[in-house]
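**Q** Just dropping this structure here.
The values are calculated or read from the model by the stated rules, or taken from the named source; none is laboratory data. Only a predicted model underlies this, so the values are computations on that prediction, with no experimental measurement involved. As a convention, Cβ positions derive from the backbone with ideal geometry for all residues, glycine included, and neighbour counts pool all protein chains shown. For accessibility, only protein heavy atoms count, side chains too; no ligands or nucleic acids. Shrake-Rupley method; radii C 1.70, N 1.55, O 1.52, S 1.80 Å.
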Amino acid sequence: MALLMAVCVGMASAAAPEPDYRHHLQQMHMAEDDPGQVLRAAEQRLRAPAQSNVQRFWDLLSAAYMHQLLSEPQASQPQLTQARELLDRLSPDARKALEPWLMVMESSSAHWYGLIKQAAQTRLALTQRAATIPGGSELRCISLSLELSELYGAEHDDEVWRVAEHQERCGRELKLDFLRSGALAMLAQVRILSSTGAADVARGMALMEQALAVSRGNEPGGGRYRRSVIHYEAASALLYVNRVQEALVQLDLAMALSQELHDVNGVAAANMLRADALILSKDYLQARQLLDEAYALLDKSQSDPRLHALVISQVDLHTLAQLPALPVWLARGQALLSQQQTPSQRQALLSVLARGHASLKQWQKAYDYLQDSFNFFDKARQVKRDVELLRLQSRYTSALQEAENAELRHKAEAQALALQAHKARDRLMWAALTVLASLAILASMLALRAHRRRRLLQDLALRDPLTDAPNRRAVSAYAQSQITQARRLGLPLAIALIDLDHFKQVNDQHGHAGGDALLQLFATSCTTILRGQDRVGRWGGEEWLIVTPGSTRAELHAIFSRLQRHYAKATSPLLPSPHEQTFSMGGAELGLDGESLDDLLERADERLYQAKTQGRNRLV
């Protein structure tokens, strides 16, 4: 069937005019349902002897795009190289029109191979040239996907939201549904990952449903590949916020579509994500079986990025479960160090290799990998800064081009009016000044509105809406940054996990409003008694995390006593006075109780449990 389709397309193209960018957009749209079939048809056309250079160029780009869509970036390299060579045989006008489309694919390829800065530089050059070619609006909308990849990897949630909204809007206006569905899915992920409760998750899943509806289009079963990706992304986000059962439902849907399409990399990815869920529940044996199945699939495919992530998962699993095959996976992980990766990917690999060797008591290797991991952590931060500068430069260039184009249009209109009515020049000049002043005012209003929206999104992402305290994500990020600084400067640091005692009884006796009031009292008490460098955040439910840079665990007793006194005196009209509620605290110190945030949290949680079992209202 695929062969018949390719032959039919080849026969039609023989009588049709030279393809242009619209042909490529059509191929990208068709790939939303089955990129494998589109790839086979493109490869069939490439084997035809009577192709023109322009036809061949577009088919090479289509084949490269399908390989990258299927997580096979190295398979796209030969097509991109041939397309670049073909440009030299074309006329200057044709080269000017076609090269920006190749640059999009080259930037995407560079991103796959970890050349983040090179990808951003290519995207910047692309932005400068897109305005001068046919299909420039479509090309700029597509390039937003590259910017989203850069921002998502750098965890700029507010900027991800802004760019995704822009892409959803331009995708809708240009009728590019494959871009619109991807943008809606990205908005859904940001909403779920930054959620502070069930309502945010529900809004995120509503956006996912919109993305699925756009992918289906007018065909109930259409957009199968894109829908498999959307279900996978939904599962990944839900798993991150510990909605395991909902995540598994989405994962089953993704797996079914990948199997229907014979998408080996999609099946492997679903197995890997399901293994992550099993590792969280400590079902290590079943997790290993799924990862082994994924490895068997990826070892035969051409997906280096997936294989890299899989090896990290295998080393992590074998380290956690102390499985005998750990040395084998450590060797495979070490072999990956010879491949090209982003600094962030290299840092993650080195970190997991250090933990693996440490579990085997191979201390020197563990130490060496850990040191290399620290070095690549710094490199990753520098790359993020460089990419951020390039991204801002790209945005500035786009805005400057739009302003210059607007100015040219205004000049042309003014000259035409001057030729038609020279006597009305003064009146037209005042009218133009009025229009420009109005545009300036409107631009200021829009900029102020955008600034307020960004600030609101930042607050929503980092603040607990009930208590206005930092949420789990914000306090975790602060703790991680302070641990890094404390290790570098040789300073002490302590954390404490806190649980409000008998909180359920407060809800039962005084209602949820009373429970909410108690949480607000506790947050206010913490803010009042803590030092300037200390930070408290709501960890979840009635649990809180306090980070105290420059303090030891022994100094937590003074904090506990001050907080105990202030909390006991706090009052609310929704609660009795005094409220007679207490709290329990478990502390941990950097170095004595571990070197990472996870280590400290685990030790603090154990001591919090001890405080509970010893009678509550105490610090352990």
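**Q** Just to confirm a number: summing +1 for Lys and Arg and -1 for Asp and Glu over residues other than N507 whose beta-carbon lies under 12 angstrom from that of N507, what do you get?
**A** Result for the local shell: -2.
**Q** Please find the FRET efficiency linking L466 to R22, where r is the Cβ-Cβ separation and R0 is fixed at 41 Å, and quote it to the nearest 0.05. Let's see the in-between values first.
**A** Details: r = 51 Å, r/R0 = 1.26.
The computed FRET efficiency comes out at 0.20.
**Q** Where does each of E173, E606 land when they are ordered by accessible area, with a 1.4 Å probe and the largest first?
**A** Result of the area sort, largest leading: E173, E606.
**Q** Solvent-accessible area per residue for the range 205-285 at a 1.4 Å probe radius, Å²?
**A** 46 Å²
**Q** Give me the extension gain from H262 to S577: residue separation times 0.36 nm, minus the current Cα-Cα distance, reported in nm with one decimal.
**A** My answer for the length gained is 106.8 nm.
**Q** Rounded, prolate or oblate: pick one for the range 41-92, where a ≥ b ≥ c are the square roots of the eigenvalues of its C-alpha gyration tensor, a/c under 1.5 means rounded, and failing that, prolate if a/b is larger than b/c, else oblate.
**A** Because a/c hits 1.5 or more and a/b fails to exceed b/c, the range 41-92 counts as oblate.
**Q** Now for a separate question. With a 1.4 Å probe and every protein chain kept in, tell me what percent of the accessible surface of the range 256-352 is carbon plus sulfur.
**A** Taking all protein chains in place, the range 256-352 shows 52 percent carbon and sulfur surface.
**Q** Mind running the shape call on the range 165-228? Use the C-alpha gyration tensor, a ≥ b ≥ c as the square roots of the eigenvalues: rounded below 1.5 for a/c, prolate if a/b tops b/c, oblate otherwise. Don't skip to the end; give the middle numbers.
**A** Values: a/c = 2.71, a/b = 1.53, b/c = 1.77.
It is oblate, given that a/c is not under 1.5 and a/b is not larger than b/c.
**Q** Ok, one more. Could you give each residue of the range 312-318 its phi-based ³J(HN,Hα) in whole Hz, using Karplus coefficients 6.51, -1.76, 1.60 with θ = phi - 60°, and x for Gly or Pro?
**A** Coupling constants for the range 312-318: 4, 4, 5, 4, 4, 4, 5 Hz.
**Q** Out of the range 40-113, which trypsin sites (Lys or Arg not before Pro) are coil in DSSP terms and have no more than 16 other C-beta atoms within 10 Å? Present the calculation step by step, with values, prior to reporting the outcome.
**A** Details: sites: R40, R45, R47, R56, R84, R89, R95, K96; in loops: R47, R89.
Qualifying residues, ordered by number: R47, R89.
**Q** GluC sites (Glu not before Pro), restricted to the range 514-574: which are DSSP loop and have at most 15 other Cβ atoms within 10 Å?
**A** Hits after loop and neighbour filter: E555.
**Q** Count the net charge of all other residues whose Cβ sits under 15 Å from the Cβ of P549, scoring Lys and Arg as +1 and Asp and Glu as -1. Please list the in-between numbers first.
**A** Details: positive: R487, R488, R531, R535, R553; negative: D534, E555, E589.
So the surrounding residues net to +2.
**Q** Calculate the FRET efficiency for L280 and N53 from the Cβ-Cβ distance with a Förster distance of 45 Å, rounded to the nearest 0.05.
**A** Numbers: r = 53 Å, r/R0 = 1.18.
FRET efficiency, L280 to N53: 0.25.
**Q** Starting from the Cα-Cα distance between D605 and R95, subtract it from 0.36 nm times their residue separation and give me the gain in nm to one decimal.
**A** Extending this stretch completely gives an extra 177.3 nm.
**Q** Also, quick follow-up: Quick one: Karplus J couplings for the range 189-200, per residue in order, coefficients 6.51, -1.76, 1.60, θ = phi - 60°, nearest Hz, x for Gly and Pro?
**A** 4, 4, 4, 6, 5, 9, 5, 10, x, 5, 5, 5
**Q** Hey, for a label at E43 modelled as a point 7 Å past Cα toward Cβ, could you say which residues of the range 255-275 have their backbone N under 16 Å away?
**A** Correct set: 262-265.
**Q** Give, as a single signed number, the net charge of other residues whose beta carbon lies under 15 Å from the beta carbon of R616, with Lys and Arg counted +1 and Asp and Glu -1.
**A** Once all neighbours under 15 Å are counted, the net charge is -1.
**Q** Quick check: at a probe of 1.4 Å, how many percent of the accessible area of the range 498-540 sits on carbon and sulfur atoms?
**A** 49 percent
**Q** Restrict the search to the range 350-379; then list the trypsin sites (Lys or Arg not before Pro) that DSSP places in a loop and that have at most 10 other Cβ atoms within 10 Å of their Cβ.
**A** The qualifying sites are K361.
**Q** Under the Karplus relation 6.51 cos²θ - 1.76 cosθ + 1.60, θ = phi - 60°, what is the ordered set of whole-Hz ³J(HN,Hα) values for the range 274-284, x standing for Gly and Pro?
**A** After applying 6.51 cos²θ - 1.76 cosθ + 1.60, I find 5, 4, 4, 5, 5, 5, 4, 8, 6, 8, 5 Hz.
**Q** Another question about this same structure. With each pseudo-label sitting 7 Å past Cα toward Cβ, what's the S359-D299 distance in nm, one decimal?
**A** Distance between label points: 2.0 nm.
**Q** With every protein chain left in place, what is the accessible area of H23 in Å² (1.4 Å probe, nearest 10)?
**A** Surface open to solvent at H23 totals about 40 Å².
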